[in-house]
Structures are given as structure tokens and as C-alpha cells.
1. Report, ordered by the first and then the second residue, all pairs with beta carbons closer than 6 Å, sequence separation of six or more or different chains, a first member in segment A:861-875 that is under 23 Å from A:Gln889 (Cα atoms) and touching a residue at least 40 places away in the same chain (Cβ under 8 Å), and a second member that is of a type in the set (Gly, Ala, Ser) and crowded, with 17+ Cβ neighbours inside 10 Å.
2. Select, from B:Ile213, B:Ile174, the only residue that is free of Cβ contacts under 8 Å to residues at least 60 places away in the same chain and under 23 Å from A:Lys159 (Cβ atoms).
3. Just checking, which of A:Ile41, A:Ile59, A:Ile77, A:Ile87 is farther than 20 Å from B:Ala206 by Cβ, part of a helix (DSSP H, G or I) and more than 48 Å from the chain's Cα centre (by Cα)?
4. Could you check segment A:18-30 and list, in sequence order, the residues that are within 52 Å of the chain's Cα centre (by Cα), among the aliphatic types (A, V, I, L, M) and surrounded by 17 or more Cβ atoms within 10 Å (Cβ to Cβ)?
5. In segment B:97-142, which residues are closer than 16 Å to A:Asp362 by Cβ and in contact (Cβ under 8 Å) with a residue 60 or more places away in the chain?
6. A:Val342: in contact (Cβ under 8 Å) with a residue 24 or more places away in the chain, in contact with a helix residue (DSSP H, G or I) (Cβ under 9 Å, 6 or more places away or on another chain) and over 30 Å from A:Glu263 (Cβ atoms), yes or no?
7. Among the listed residues A:Ile132, A:Ile121, which satisfies the condition of being facing chain B (nearest Cβ under 9 Å), buried (at least 18 other Cβ atoms within 10 Å of the Cβ) and aliphatic (A, V, I, L, M)?
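The values are calculated or read from the model by the stated rules, or taken from the named source; none is laboratory data. Treat the numbers as computed from the prediction; the structure is a model and nothing was measured. With ideal geometry, Cβ positions are generated from the backbone for all residues, glycine too; neighbour counts draw on all protein chains shown.
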Amino acid sequence: MNPFSSGTRLRDMIRAIRACKTAAEERAVVRKECAAIRAAISENDQDYRHRNLAKLMFIHMLGYPTHFGQMECLKLIASAGFPEKRIGYLGLMLLLDERQEVLMLVTNSLKQDLNHSNQYIVGLALCALGNICSAEMARDLAPEVERLLHGRDPNIKKKAALCSIRIIRKVPDLAENFMGPAASLLKEKHHGVLIAGVQLCTDLCKANTDALEYLRKNCTEGLVRILKDVSNSPYAPEYDIAGITDPFLHIRVLRLMRMLGQEDADSSEYMNDILAQVATKTESNKNVGNAILYECVETIMGIEATSGLRVLAINILGRFLSNRDNNIRYVALNMLMKAITVDAQAVQRHRTTILECVKDSDASIRKRALELVFLLVNDGNVKPLAKELIDYLEVSDQEFKGDLTAKICSIVEKFSQEKLWYIDQMFKVLSLAGNYVKDDVWHALIVVISNAPDLQGYSVRSLYRALQTSYEQESLVRVAVWCIGEYGEMLVNNVGVLEVEEPMTVTESDAVDAVELALKRHSSDMTTRAMSLIALLKLSSRFTPTSERIKEIVTQHKGSVALELQQRSIEFNSIIQRHQNIKWVTDLLVVNNIARHPLKILVVESMHLLLGCWCMCRSSLVERMPVLDEAAYLGKRAGSSQPTLSAEKSSKPTTSAASLKLPNGVAKPPAAPLVDLLDLSSDDAPVLPSAPNDFLNDLLGIGLPNSSSSGAAPSTTTDLLMDLLSIGTSPAQNGPSDSNVVPSSAKAAESKPAPVTAPVMDLLDGLPSNASPPRDENLVYPTITAFESSTLKIAFSFEKQPEKPQVTLISATFTNLSSSTLTNFIFQAAVPKFVQLHLDPASSSTLPANGNGTITQSLRVTNTQHGQKPLAMRVRMAYKFNDEDKLEQGQISNFPPGL
Amino acid sequence: MWKISSSSSRSQFRIRRSPPTATLGSLRCVEDIVFEKNCEQERRRKSVGRFGFYFPTMINFVLLISRQGKVRLTKWYSTYSQKERTKVIRELSGVILSRGPKLCNFVEWRGYKVVYRRYASLYFCMCIDPDDNELEILEIIHHFVEILDRYFGSVCELDLIFNFHKAYYILDEILLAGELQESSKKTVARLIAAQDSLVETAKEQASSISNIIAQATK
């Protein structure tokens, strides 16, 4: 006999393991035992097989590998005696899981044991099958289990019923076989069998709609009777728990009732009475009673219950919510989340209590409550709720702040009705929990700020103020630094002060200080530092006096170990150093400030022109970021669309300071990336045409004197300016950005009569009259058909004012040739570089069918090379035809000569 | 029934409500994430039946852990590989053991709920689907403990360590396929006693046979 196997008993091994003081000792003991067991296995030792397996199970529980013992289980199961089988099946369930191949080998033994004469052996086999069977085994052994369901012994029956649940879960196709036996189980008296039978029925209902119908027809009555019996039964010591007879059966019957009553008025009707009885009669001072009430409420919510019953259910939940037991409060919150779809008003009544639960000391309750609050928010209560939550943010646990912040942000984004409120709340969140704010949230905030010209000043000042106290909140610092970089001058000059603001004086160097601190703070991460560097570069042009200092700061980072920072600072340094024009820009800034004063209109108009130039120049250097189209951006952020917000934005006229108007309204220049900046400073720029450079020289040539002599700008400047302005309207000329720019500008043109473009164009219209002598010409041009397709026809008629031969007024008439109406009609046109184009808004965006109406739209074309080159135009029409988006385009080259 | 004994290792279970302050390690390795994904897939696979119905096992697993984090009993009703099992145990014991007293007995974990209850030095945990009745699970745990108590006579942790297989036998009479099997304590006790006596008779027979053989070969 093996010297080891006889040695230690199970008890001794457990003792030895428990006596170990260190993990290493324990490992040593386990290793020795495993070696002994392996030896015994290889010797095929029969006497101690069950003991070895028991040891292995203990070792397995400690987390050591025991795969070598798997075959021993099978051998024990195959042996004849009950003790061997008992331990063998236990080992099988413990050491193996359904995915192991070895399991297939046990199918045969299981089959034999299911047919065994000893009921306990059958019980063991059923138990093992129910706990670990795989789909294949389920198919093979389903007939045996089904047969056992019809047996006599209640213990076998209940086990077989539960085993069937596992079989149905593994192979839903087998559900039909169990329908009949399951229904007959509900007629039993034995509670164990009843419980198992009810559970089997519940699972059948989930697996198969036929079964659901069958059980609904045959079992509803029986179920109601079972529940009636058990809830009215006198004291039964065997099943009694805290004065209630068999709460487990209660709960299971209620659950099956929920399945049967769902979306079925008849059976729901049948259940109403007993549900009302359970809901009112059950004692709620013990956990058991509450468990039943909880299940009962869920059933009432789930079925087509009467309204009175639902009120009863909601009241029970209200009682739960005010219970002092945390468990009860937890399930109440859980249930209210489901109830909110049934009766939102009733849930709203408990708002204050729920809000208190958000502040609970228990993480599970807080989480539930927060999710519930999130569902409760609507337009009416968002402000007080958001305020409560934000106030709580200050004192909440660290680990809860993440969840809380995310929820607040999404509430604020989803329900904000006004931008000021949104911006205010976001600033509060940023300064309290900026470190938990997700990137996309503060990105969205920046987009909103950049789209709200009248709040930019307020934003940058609030952020500056918040920055003084909350420097450790990373995202706050980022947003603040970005805003200071963009709107630094508003911070210093107090532009656009709102009534609610306290006055504040910030000097230019204060602003630079703030950014510098963000750059140098050791806890700032790379993104923040990089953003700070960019902000400094922008400030260097806005705040001339500080540019030397900024240069120094930037220079310090030339040696940064972080590649990104090093590269940025070197690039920025060379921009500051080599680009002399930056000084000019700032000089012009002074002019800009003059323009803001209410001077004579003429002067202001010329200032507008110069501002345009200045913008152009700046646009290539330290221009404000192009304004992102908010609707598009929000569309990209799935799930957080703000239709109200964006609609408001697109219609909001940009009426603030003139300097704002140009960059944010008209110019919308194609994003000027760093490459452009560098191209500008190097003379051999191949990509960009030399236009901006020339222009800049022109500008320098004009200098200040020109700006005072109103309106006498040379034509080269106007040309370029026109080029710049045409960017906004002619899509073909600025390839990459047109997808963004065109729709928004087209939208703008629809909603307001181009308030931004018009004054400048008017001004320009006036210019050539000074430059070129008037001509006496009043020609009549024939009307042409510019474009014709199967659906659409466009006719152009022309008009020219004699004194301005370069300018042609074209009125376009669109006719619908098809038989259905075209909606969302948008016309776009593109012209060659030497031509300037201005589109007025169209008369309508809907084109009736069969030529029953037209849209007219007027275009103003200025051909700067009039007489040398003929006019040409590309057109594009976008519209909805039978709910389909269509796009047509064409080229017009048949313009009458002389245009 | 719940006596307090002075010796710490032999202290019987008292019903003592415990719980929370869940702090799950904030550092997660890639393996963790992959595992979580597997769990989620597994959950989806097993939960969606042929008709797209939601298909929960009522109890996914039962776990007994001591206050020191030692595993005293595990029973898996849903499929978890050995590797996943170790991971689940490690993670959950971290969450549950760190919860303070007087908090609620439910922990939300990977889309499931874990209901736990502390008896003396042992935590009884059951993992259920989010739609199940948490309060009832507390009763099932107590049901189990009462049966253990009746069987061992003032059960304590040591009983469960040295007779772990018996604890498993009892659990197998109470739960099957993750569902409750028997609501009567008396019936469970009777069934276990009958099977134990079956084992005893078999042992006696075996020893008498070996005695006979021994005498015959003398």
C-alpha cells in the first residue's frame, strides 16, 4: 500500500494547512499532499479514493490546480456504493465546469443513476445534472428527467423540475416537452414540489410564447388559489418565517403571475383581488413581509392592474422609501425606477426624499438614487435639482464624484434652456470637480462659448476668477487657459459686462500670469501645458507690452523633455521672433479700438474695411479659432443633441462689438493650421498663393494714413478682401472646409437677411465708383436657361447698373419640372477667383410640383476682370425629393457676352 | 440559537448586519477588461433565449468568505472558468469586506447584484441578476444558515472548514440550478439525515466485510 495515502486523514490535512504561518509553508504542505494524491491515482488506489477526492476539493477551494483529480470523480461516480457516488458527484460539481470535455464521459453514468432504484442516488444525479449540465447532456438526458417529473416521490419531482429549468435554459427547443408536466406540478400539495413547479413554469414562459399562452389558459386559476391558500393558511410551523407561511412560495407565485398577467387584461383582472389582499394584509415590520410586498408591487406594476391597485403599490414604495432600514430604501429606489414609466407624477412626489438618498453614506443607495434622479429631471425642475446636486458635489466622497459629475454634466447639457445658465453650471462643476469631467464635456463647453459672442467676455472673466481658487482642477484650467488665449482682451477691457457680474480689474500681465502659472504648475499634464503655450502665443499679439515676457516664457520650454512641448515652444518662438508683422497687427489693434468709439459713420465704415484687412492678416497668424458649427459638433456627440440650443444660436444675430462680428460671423476662414502660420513667415511658401503676403505688404504700404482717409483703399486690397469674403459663400473655392461652412452660411442666409455680409459689400460697392470713371451704358441682356434637368430648371435674367459695369445683378428663377414637391431647397454657386459673388436669401425653400410656383433668388456678381474674361459659374442644388436627399450640379458657361 | 462564544475561532454565528464602502481598485489591467467583456458576453449569451427573452439564473453563485478573505465555500450555478472564478472571488471579497457596518446588504457589481450577510466572522454572498428580489435572497441566506445551525448544532466557522463537504451537501438540498429547492427546514434536515445514515450503513458493512476477510485470511 502507498505509504502516503494511508498517512493523513482529511481532518489532519486541514489542520496541517491551517497551522501554516506563511503562504510558502502552505504551498509546501499542499504540494506534498498533491504528490501523494497523484501517486495514489497512478496506483489506482481504491480504498482511499473518496478521501483523496475530498482532500482535492479542499485544496481546490484554496485556489490550487486540481485538474488531475477530474478522472477520479468519474471513477467514483461509476462505482456502485452510495458514499462513493455522493462524494464523486460533489467533486464533479466542484472541480469541473460545463465547458470541460471530461464532462461528456459522465453522461452514461448519469443516465444509469437517473434510472437507479435508490431515490437518493437518483437525487444525486439530478442535482449534478441541474448544476452543471451542458447543452449536449441536456439533449441526451431530457427524456429521463421528463419521466421523473411524473414519478411519485416529491423529492425526486422537485429536483427533476429544477433540473428541467437548466435543460430549458441550455436548449430552449425542449421547452414544449415540459409544458404539460409543469402545469400538472402546480396541482401538488407538497411545498417543495410547488416551488419547483412554479419556477419551472416561470422559465417556460420566458423560453417559449406557446408555453406562455398554454400556462395562461390552464394555470392562472390554480395560481390564484395557491396564493390564496398560502396567504390565508393558519400557522404552519414547518414553513413559518416570522409569522408568514412560506414566503418563498408567495414570492414565486407572484413572480409567475407577473409573467402571465403581462399584457393580458383577462388574467390581470383575475389576479387583482388577491394582489390587493397580499398588498394590504402583509405585515411590513419584518424583512420577510417586505420581500413579499416588494414582489407584489413589482407584479402590480408589471401586469394590467387597476389604477387603484397601482396607487396602492406606489404608496407601499413611498412607505419603503421613508423606512430607516437601508435595504428597504435600496429596493424602494430600485422599484421606483421601474415605476417611473407607469406613473411619473407619483414618483416626482418623492423627489426630495430621493434627493436625500443621493447624499446617503451608503454607496449602493447613492448610486441607485442618482440614477433615479437622473430619470426624474425634466425642464421644470432641472434648475433646483442641478443646484442641489452641484452643492452636494462639494462634500461628496471622492469615489462618488466621478459618477456624480458625469450625471450632472449630462443633466445640464440635456436640459439647459439658456446658455448663460449652462455656462454657469459648467463652471461650477469644473471648479468643484474639474478632475472628473470627461474630455468631451469640456470640449462641448468650449464650442458653446465660442458660439455665444455676447457671453465670451463673461465666460473668460468668470473662469479667471474661478482659476484663482481652483488651480488643481485640470479641466477648469484647460478651459480657462483656452478662453484667456482666445478672449484675453475681453478680460482686460471688460467687454460685454453682464449685470450680474462684479466689476474686476485685470491687467494684461495678470492674464499672462494666470496662463504662466498653468504652464509651470508641476501637476499640470501635457495637454494643459501645450494649451497654455498656444494661449501665450495668442496673447503675445493681443497684449503687445507683454510680448517680450511671453517670448521669454516660451523660450524656457525650448529645452523641455516632453517632445510636444519642446516642438511647440521652438515653433512659437520662431514665429514670435521672425514675424515682424506681429507688431503691425497690434498697431492695427489700436485702430480697432478707435473703431469701437461712436465716431462718424464714414470713419467707422472705413474702419470696417480695415478691420477686415486686420482680420485677414490675423487670420493667418493668431486668429481666433474658427467657430465650430455647434449643431454639427453636438450631432457628432451622440446622445447629447441640443436642438433648442442650436436653433437659438443660429438665429441669434451677432450684434455685439464690431470686432466680434467679423471673425465669428463672416470670415469663418478655413481653419488656419500651424502650417499656414509658418508658410506665412517663410517667403518660399509653395502651398499658399502669395496673396496673403502681398496683401500684407499692401497693407503695410497703406499704413495708417490710409485708414484715416476714408474709403480710398486701392483696388488690390478690395480684391483680396472680396476674395476673403467670398469664401463664405462660394463653396468650390475652399475645398476642404466647404462641407462645414456652406450649410451653416446657407442657413444663416435663410434665417436673417445676411446682416453680416451686406454692410461690407455695400461698402465695396461704393469703392470702385471712386476708382473707375462712370460709363453710360444701359444694356439689356437676354434671359438664359442656366440649367435644366429632369426635375429642375433654372433661368437667369440679368441687370446691370450703367455706372458699375463690373457688377451684374442676376435674378435666378427655379422651376420644378417633376410631379412632387421639392423641399429643403438650397442653391449654391461657385465662381472663379477673379469674380466675386454674393447670394441673397432665396424666396422660399420649398418648390411646388409641376411648375406651379417658383423660387427666386438674386445674385450679385462682380467681375473684377470685366471686359477681359467672361463670366462662368458652377451651381449646386441640394433638396429633398420624395424624402430623399438629392444633389445636382452643373456648370454655366452660356452667359451673354459683356458681363 | 445564536450564542456568543468567547473563543474567537469558535464563535458561533450571530446575526450581525454588516456592509460597505466599496472601493474597487482603480488600476485595472488589460486582462481585467477582457475578462469583464467575457463576463458581459457570457451574460448576454446565456440570458437571451430563442425568442430574445431575458433568461436569468436566479442565483449565479454562492460564496462564503471569512473576514480574512479566505474562501470557505463556493458554488457556481452559471458557467465560470477556473480563472474567472479566482478573479471574481478576489474582486468581490475586496468589495464586500471593505463595506462598513449599517450599510445596505447589496452591492452592484458588473451589472449583477451581490447580496451578502455577515454571520460572526463569515460573509455569505449570493450573486443574483439585477431584476431579482434582493430581500428574498437575504431570507434564503438566513434559511441556509438556520439549517446549518440545526445540523451542526450552533454552527461556527470551524465546523464549515472541517466538514466543508457536509455544508455542500446541505446547500445542494436547498438550491439547485440556482433556484430554491426546499422551503422547509425540517424536510432538508430529514433528507440529509437519511443520506448520512446510508453512508454510515455502507461504512459499517465495509468494515464488517473487511473484518470477515481479515479473519478468514488469518
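1. Within 6 Å, the pairs are A:Met873/A:Ala829; A:Arg874/A:Ala732; A:Arg874/A:Ala830; A:Val875/A:Ala829.
2. Answer to the check: B:Ile174.
3. It is A:Ile41.
4. A:Val30
5. Result: B:Ser98, B:Arg99, B:Gly100, B:Pro101, B:Lys102, B:Leu103, B:Cys104, B:Asn105, B:Val107, B:Tyr116, B:Arg117, B:Arg118.
6. Taking the combined requirement at face value, the residue does not satisfy it.
7. A:Ile132
To keep it simple, each residue is scored yes or no on (1) in contact with a strand residue (DSSP E or B) (Cβ under 7 Å, 6 or more places away or on another chain); (2) in contact (Cβ under 8 Å) with a residue 40 or more places away in the chain; (3) among the acidic types (Asp, Glu).
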{"residue": "A:Val198", "(1), (2), (3)": "no, yes, no"}
{"residue": "A:Cys201", "(1), (2), (3)": "no, yes, no"}
{"residue": "A:Tyr235", "(1), (2), (3)": "no, no, no"}
{"residue": "A:Tyr239", "(1), (2), (3)": "yes, yes, no"}
{"residue": "A:Leu254", "(1), (2), (3)": "no, yes, no"}
